[in-house]
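So the structure is just underneath, and the comments pick up after that.
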Amino acid sequence: MSNGYELYENQFGVHTLELNLKLSGFDEYRECAAKLYSEGSEIIGETGKGVWQQKDGTICDYRTYGIRLHLEKRDFVWLKLVVSPRNLIGDRNPLGVTKITAEVKRQLKERIQGFLDTRGLPYRTGQFRLSRIDLCTNILFEEESMPTTIIRLLNRTPPKGEYHRVSFSSAESEYGMEAYEKNMHSYMIALQQECIKVYDKVYEVQKNGRLPDFSMDKGLLRIEVTLKRDAIIKWLAKNAVRDTDAIGQVQLFSDASQRLICRMLRKALPYGVYLKRSEVKKRIRKSGFSDRICADMLEVVEMYRLCKDPQSARERILQCVVGVYKHPKRQYRELMERFEQVMLQPVPLSKKDPDIIYTPLIYLELVSGLQPKAGSDGVNI
């Protein structure tokens, strides 16, 4: 690591949070807008950006590092604050992970209230509700190319349950290469209220150009987990959290971030290791499953080896491999569960890859001192 940017490795914490306040109506919208556009307000333009209105009527105020304000006028009027604790009260280190301690919580409340007061907005921090939170962690690799290798494998791995893959489409961009590069360096899967993003943090920092002197001779994989309002409410209810304001809730999520990130990764992605094709076949044959099940698993491996898109591979498997069964979708799900039982990924490694690569969850379990799932003993990083 160089240039003085400290890496908070193997820590779990908060990346971003969003606070929402529902306003009474359009008159209040106009009052807030007038104050945001007021030339008399003494606001330091730290970011070099000002206040502007989007086509949909949303007013954006990006004059201060750490908080982005959105004043939205739709069916209802919302005042939204997107807060980056690292930028608001930290050292603006793009590699850092912010753990919300009691002192950090106090500073957040103070800075957010100061942000509102400076703009003449008559609201208190305690009036806002937590509508979104992004939890994150880092995994550091000695090999620079390891993050993109893992992302390539994840992009070919079928997610579990109802999770769907979100990718950048070249059709939506004038420059197809830009979308291609983004897909090479980032991976995202989502439900309506949850999202998991895995990306190459070094590439992202260098690409956005905010730190022209930044350099790093190692690989850094960033994992972010997003919970939206309904998922937040569900988690708070499950943990019997009452009478706690939004910033207090952020601290609770920060304290539980390691557990939440690992739980969501296990819920969304198959658990196991990526191996070379020959080793995958060997382990399947030694698994103890029946000859018919082993034959089906070997066909699944071939399908995922040949298809870069996991959805296309799944459709081919449903048609060509398990289509002979009475309930092909159930049979497919059971086959995927068999792979997890023997700690295997259905996607084999290429010849240029190392002999074994772990999923992000197993890396996190190992580097964080957690107990990996049964069957992963003796794994070496």
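Using 0.36 nm per residue of separation minus the Cα-Cα distance, give me the extension gain between Gln193 and Ala34 in nm, one decimal.
Extra length available between Gln193 and Ala34 comes to 53.9 nm.
Taking a label point 7 Å from the Cα of Glu144 along the Cα→Cβ vector, which residues of region 79-111 have an amide N closer than 20 Å to it?
94-95
Per residue, how many Å² of accessible area does the chain show with a 1.4 Å probe?
50 Å²
Which of the lysines could a cross-linker bridge to Lys234, judged by Cα under 29 Å and excluding same-chain residues fewer than eight apart?
Within reach: Lys22, Lys73, Lys80, Lys99, Lys105, Lys109, Lys160, Lys197, Lys267, Lys373.
How much length is gained if the chain between Gln319 and Asp291 is pulled fully straight, taking 0.36 nm per residue apart and subtracting their Cα-Cα distance, in nm to one decimal?
Full-extension gain reported as 8.0 nm.
What part of the accessible area of the chain, given as a whole %, is carbon or sulfur when the probe is 1.4 angstrom?
Here it works out to 48 percent.
What is the gain in length, in nm to one decimal, between Lys352 and Gln127 on full extension, counting 0.36 nm per residue of separation less the C-alpha to C-alpha distance?
Fully extending the segment from Lys352 to Gln127 adds 75.5 nm.
Tell me which aspartates and glutamates have Cα within less than 12 Å of Lys207's Cα, excluding those fewer than 8 residues away on the same chain?
Straight-line reach from Lys207, under 12 Å: Glu178, Glu181.
Given labels modelled 7 Å from the Cα in the Cβ direction, how far is it in nm from Asn239 to Asp56?
3.0 nm
At Ser312 and Asp255, where each label point lies 7 Å from the Cα along Cα→Cβ, what is the point-to-point distance in nanometres?
Inter-label distance under the simple model: 4.9 nm.
Roughly how far apart, in whole Å, are the Cα centres of region 69-120 and region 256-321?
Here the two parts' Cα centres lie 42 Å apart.
The values are calculated or read from the model by the stated rules, or taken from the named source; none is laboratory data. Worth saying up front: this structure is predicted, and the values here are computed from it rather than measured. Neighbour counts run over all protein chains shown; Cβ positions are idealised from the backbone, glycine included. Only protein heavy atoms, including side chains, enter the accessible area calculation; ligands, DNA and RNA are left aside. Shrake-Rupley method; radii C 1.70, N 1.55, O 1.52, S 1.80 Å.
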